[in-house]
Amino acid sequence: MTADRIELARPSDAERDRALAILRDGAGSGRLSHDTFIRRMNFVLRAQSRRELANATHDLPGTEPRVVQLLNRLLARIPRLTITPRTTTPYVRPQGLALPSPDSPTVRIGRGPGATLRETDLSVSRFHAELRHVDDGWLLRDLGSMNGTHLNGLRITTPVRVRPGDHIRFGAVTYRLTWTDQS
């Protein structure tokens, strides 16, 4: 079939729908006035050839070629890769924190004045937690801190017994408990 015969062929309903979609987009984007849209819409509906459809939409941006539409559909199915900045700090081996001797006073942990173990990290509250010797062991108690006190990865809400080898965390600061005579 020659190009002239193709242009003179009767348009299909799908081709009319594409031409009407181009006209709607033109009217919606302000390229066509309402009157022009109505006049061209009637022209498309009565068109006897593909050339008449092309004449009705020649000054408007057309739909994308079929290959581009296919690629866009394929790309839409691929999940988007999002890169978020790393908000957690990399793993740092916890420092050793020696439990004091049983006759020592309560150890207060925090950033504020009066803390026995004073931390500078902003994730540690001013009055964060305390270690207290009771009976035959040590108890760790959170003092209502914002970022919590954790024992072996679990946040504590009540006083809990601790012993050497436990991992404790105050906000983002971690320690591994040791005996007084170990470093």
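The values are calculated or read from the model by the stated rules, or taken from the named source; none is laboratory data. What you see is a predicted model; the values in this text were computed from it and never measured. All Cβ positions, glycine included, derive from the backbone under ideal geometry; neighbour counts span all protein chains shown.
Listing for the model above:
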| item | result |
| --- | --- |
| Candidate set from the range 145-161 (those that are over 28 Å from the mean Cα position of the chain (by Cα) and part of a strand (DSSP E or B)); member that is nearest to L122 (Cα to Cα) | L151 |
| Search result, residues across the range 131-144 that are under 17 Å from Y175 (Cα atoms) and under 36 Å from the mean Cα position of the chain (by Cα) | L140, R141, D142 |
| Residues satisfying the stated conditions in the range 163-173, i.e. crowded, with 18+ Cβ neighbours inside 10 Å and not small (G, A, S) | D166, I168, R169, F170, V173 |
| Residue ID - surrounded by the fewest Cβ atoms within 10 Å (Cβ to Cβ), chosen from residues in the range 94-124 that are under 37 Å from the mean Cα position of the chain (by Cα) and among the β-branched types (V, I, T) | T120 |
| Single residue of the range 8-37 satisfying the filter (touching a residue at least 24 places away in the same chain (Cβ under 8 Å) and not hydrophobic (A, V, I, L, M, F, W, C)) that is surrounded by the fewest Cβ atoms within 10 Å (Cβ to Cβ) | R10 |
| Residue in the range 102-121 that is farther than 24 Å from W179 by Cα, aliphatic (A, V, I, L, M) and either part of a loop (DSSP other than H, G, I, E, B) or touching a residue at least 24 places away in the same chain (Cβ under 8 Å) (or both) present | no |
| Total residues in the range 132-162, condition crowded, with 16+ Cβ neighbours inside 10 Å and under 12 Å from G110 (Cβ atoms) | 4 |
| Filter result for the condition that a residue is at pLDDT 90 or above, of a type in the set (A, V, I, L, M, F, W, C) and over 22 Å from R176 (Cβ atoms), over V44, V68, V124 | V44 |
